[in-house]
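What follows is calculated from the coordinates using simple rules that are stated; it is not laboratory data. Just so it is clear, the model here is predicted, and its values are computed rather than measured. Virtual Cβ from ideal backbone geometry, glycine too; neighbours counted across all protein chains shown.
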Amino acid sequence: MKSLDLDVLAMIVAFADTGNISRAAELVHRSQSAVSMQIKTLETALGKPLFVRKPRAAWRRRRTARCCLPTRGA
């Protein structure tokens, strides 16, 4: 896997913090589709979903908190 760009990491952290693509996109000043695409690309590269998604919300899986966001105190 290629290295993780800081911009992509910011999108993932924003989504993890908010649980909402629209709010995450606003926080990182990107489009909803850009945030969604970056998250999906990372999940595909890892071969596992990082988030549990529902129609109006999402939340981190335990492995996401342990593996991908350790510096956030998750």
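Taking each residue as 0.36 nm, the span from Glu26 to Val52 lengthens on full extension beyond its C-alpha to C-alpha distance by 7.3 nm.
Placing pseudo-labels 7 Å out from each Cα toward the beta carbon at Thr41 and Leu9 gives an inter-label distance of 1.6 nm. For Phe51, what residues show an amide H to amide H distance below 5 Å, using hydrogens built from the backbone and excluding near sequence neighbours? The list, which skips near neighbours in sequence, is Arg61.
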